[in-house]
1. Can you name the number of the only condition in (1) at pLDDT 85 or above; (2) under 27 Å from Pro368 (Cβ atoms) that Ala188 fails?
2. Only one of Ser71, Ser111 is part of a helix (DSSP H, G or I), in contact (Cβ under 8 Å) with a residue 60 or more places away in the chain and touching a helix residue (DSSP H, G or I) at 6+ places or on another chain (Cβ under 6 Å). Can you tell me which?
3. When you look at Asp161, is it more than 19 Å from the chain's Cα centre (by Cα), surrounded by fewer than 17 Cβ atoms within 10 Å (Cβ to Cβ) and free of Cβ contacts under 8 Å to residues at least 60 places away in the same chain, yes or no?
4. Against the condition crowded, with 21+ Cβ neighbours inside 10 Å and modelled with pLDDT under 90, how does Val514 come out, does it pass?
5. Which of the following residues is farther than 21 Å from Gln346 by Cα, in the same structural domain as Ala243 (by TED's automatic domain parsing), part of a helix (DSSP H, G or I) and at pLDDT 80 or above: Thr276, Thr310?
6. How about the stretch 156-196: which of its residues are outside any helix (DSSP H, G or I) and out of contact with any strand residue (DSSP E or B) (no Cβ under 7 Å at 6 or more places or on another chain)?
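The values are calculated or read from the model by the stated rules, or taken from the named source; none is laboratory data. These figures come from a predicted structure and were not determined experimentally. So basically every Cβ, Gly included, is an ideal-geometry build from the backbone, and we count neighbours across all protein chains shown.
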Amino acid sequence: MAKKPGSKAFKNRSGNPAARGTASSVASLGVVRAQRALSDVVPAFTAWALEEFGPEEDIQILLGDLKAFFSMCGTFPGTVSATDLDPEAASAALELVREATPEAAEDLGQSLHDYVHFLIASERWTGSTENLNRLHEVAERASAGAPPLLPPVVVPDLAPDAAWQLVQDVPLWQRTVALLQWIGAGQAVTDTGVLRRKDIAAAAACVGINAVGTATRTPWRDDEPVPVTSMLQLPWLMTYWEAMLSAGLIEVTATKVRPTARAAAVRADPAVGLATAQAMAAMVYADVIYNNPDWVPADLLEPMTTALFTAASQNTPPPTQEVLATLDDAAGNDMASRIIRARLQQWANHGLLTVGEHIVVPPVLREPLSAALGGVLPEAPLAEDDPDSLHVQSSEAKYQLKIQVDGIKPPVWRRIEVPAAIHLDDLHRVIQTIFRWEDYHLHEFRLGGRDGASYAPYDPDADHWGEPPVDESTVKLSTLLAAPKDTLAYNYDFGDDWDHTITLEKVLPASAKVARCTGGRGLAPQEDSGGSWGWMDKVDAANDPEHSEHEAYREWLGLADGEPLDPAVFDRGEVESRLAALRLRR
């Protein structure tokens, strides 16, 4: 759960732990230079933070945290830059604080996280993309109370021909090829886009799963096929299915799944084969690492899984299964550890790692793993005869969007990543998900203000003033937003009028066709609470025991006795878990 910027918890009764960690060198030249580096961007950062967070007293606390952090970074070798921070120095500084006061490290990590987003939003970052990704991860881990950032994945330099030979021996790829061969010229799908019940057994066998489709789920013995009523109940089969879709190996129409031109090119062109296999692997790694069970806190299981895969990708020393004991100590959560132990052999069965005397990620899969951990998944190259190659443009990219509910203080917004080619009806579903709207009411998108073009669900019987809206299901986001700072309006519930501003912040490399939340602020408002002003009034009443409707609003909001209602609170993990269950139709 994200904290308020620069939480006052960082200033504890025993003094600032950052200051204690650097007391002997606070006047060193490195510290002075680090403080000067930060001072150069303080005015711009303050203006940005006031617009994003407010009020001013919180921003001053945040600045105090950052000054302490920069002072600590100045005690390590090298020059500290305000726009090209060394992630290793940042990690070491945060670890010093964590050893003294874990809660303070979480708050300092959140302040650093805010600062990193300022550098991204203001385009002031001058370092490498790799360092930016690692710095972002350093801050996220610290703010979540996770163990310190692990070393980067060791990616060996493999010749393309040798890498292609190696990847063909990986079970993950062999099973992908087997599933493609079974699909053949095409297989029927249901109206939800998954295989028919009678075909589940054959498809599952291709990926090493012993299962059978049945009308009802019944008990079974370990030596019998697992009975399922839908393909959706087999997570590993769905992982292959989604990765093959994202890698462009298959396409699903209203009635069929069939291989694409790229699938044929894989067999004919080793370069396309290698790139596609590695794109598949990256997507599967991302699914394994980030899509965790709802009943296990993601901030415990995800760091442990990441730590295990990272340790297994180092050349020396290769970890043994004893590394799991270290992960136990780091996380302090036996449930997460038991899940990882149970899954270890599953991951090995698919070739994501090998388990013997040592646990090792195959060298040919190190690059895909690194991409998954960095959050930028590769996309396989298009074959020359692939018809999709005629349409490779900005729509093949990924968009970083900031979506804000207008008129609420403190601000309520979410930062998400979606395919640039997402259709507006799917974007509507994403917005409903990230703000917990219940989709009871009408909505529309507008480009160019109140008098601009309107996009909404197709309804031939609806009455419209003037021109009817364009059918939103036919419009891709990339046709409306093309460059950073372009905006689109979204209105939900024409009675309460929840206006949202959608801002394109960055155009990123293409990755898996899923939606991700990477940040946000503020508690999502309650459905039917009277719009922005009505919601703020209800929050005030719920937190004011003297208000005449205090008890009525608390009961309406479902608050327990003594439970505060913090309008600034934001839980990214909770948003991510709901997005993970959302299947984009295109």
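1. The one condition Ala188 does not meet is (2).
2. Details: Ser71 fails: in contact (Cβ under 8 Å) with a residue 60 or more places away in the chain.
Every option except Ser111 fails the conditions.
3. Details: more than 19 Å from the chain's Cα centre (by Cα): yes; surrounded by fewer than 17 Cβ atoms within 10 Å (Cβ to Cβ): yes; free of Cβ contacts under 8 Å to residues at least 60 places away in the same chain: no.
Taking the combined requirement at face value, the residue does not satisfy it.
4. Numbers: crowded, with 21+ Cβ neighbours inside 10 Å: yes; modelled with pLDDT under 90: yes.
Yes; evaluated as a whole, the condition is true for this residue.
5. Details: Thr310 fails: farther than 21 Å from Gln346 by Cα.
Step by step, each of Thr276, Thr310 is checked, and only Thr276 is farther than 21 Å from Gln346 by Cα, in the same structural domain as Ala243 (by TED's automatic domain parsing), part of a helix (DSSP H, G or I) and at pLDDT 80 or above.
6. Looking only at the stretch 156-196, we keep the residues that are outside any helix (DSSP H, G or I), and these are 156-159, 168-170, 184-196.
Pro156, Asp157, Leu158, Ala159, Gln168, Asp169, Val170, Gly184, Thr190, Asp191, Thr192, Val194, listed by residue number.
A quick yes/no check of all residues on (1) within 21 Å of the chain's Cα centre (by Cα); (2) in a helix (DSSP H, G or I); (3) over 28 Å from Lys402 (Cα atoms); (4) not assigned by TED's automatic domain parsing to the domain that holds Arg36:
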{"position": "Thr83", "(1), (2), (3), (4)": "no, no, no, no"}
{"position": "Ala90", "(1), (2), (3), (4)": "no, yes, no, no"}
{"position": "Ala93", "(1), (2), (3), (4)": "no, yes, yes, no"}
{"position": "Arg98", "(1), (2), (3), (4)": "no, yes, yes, no"}
{"position": "Glu106", "(1), (2), (3), (4)": "yes, yes, no, no"}
{"position": "His117", "(1), (2), (3), (4)": "yes, yes, no, no"}
{"position": "Ile120", "(1), (2), (3), (4)": "yes, yes, no, no"}
{"position": "Gly127", "(1), (2), (3), (4)": "no, no, no, no"}
{"position": "Glu137", "(1), (2), (3), (4)": "yes, yes, no, no"}
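Residue-by-condition table, conditions (1) surrounded by 17 or more Cβ atoms within 10 Å (Cβ to Cβ); (2) touching a Lys or Arg at 6+ places or on another chain (Cβ under 7 Å):
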| position | (1), (2) |
| --- | --- |
| Ala243 | yes, no |
| Gly248 | yes, yes |
| Pro259 | yes, no |
| Arg262 | yes, no |
| Arg267 | no, no |
| Ala271 | no, no |
| Ala275 | yes, no |
| Ala279 | yes, no |
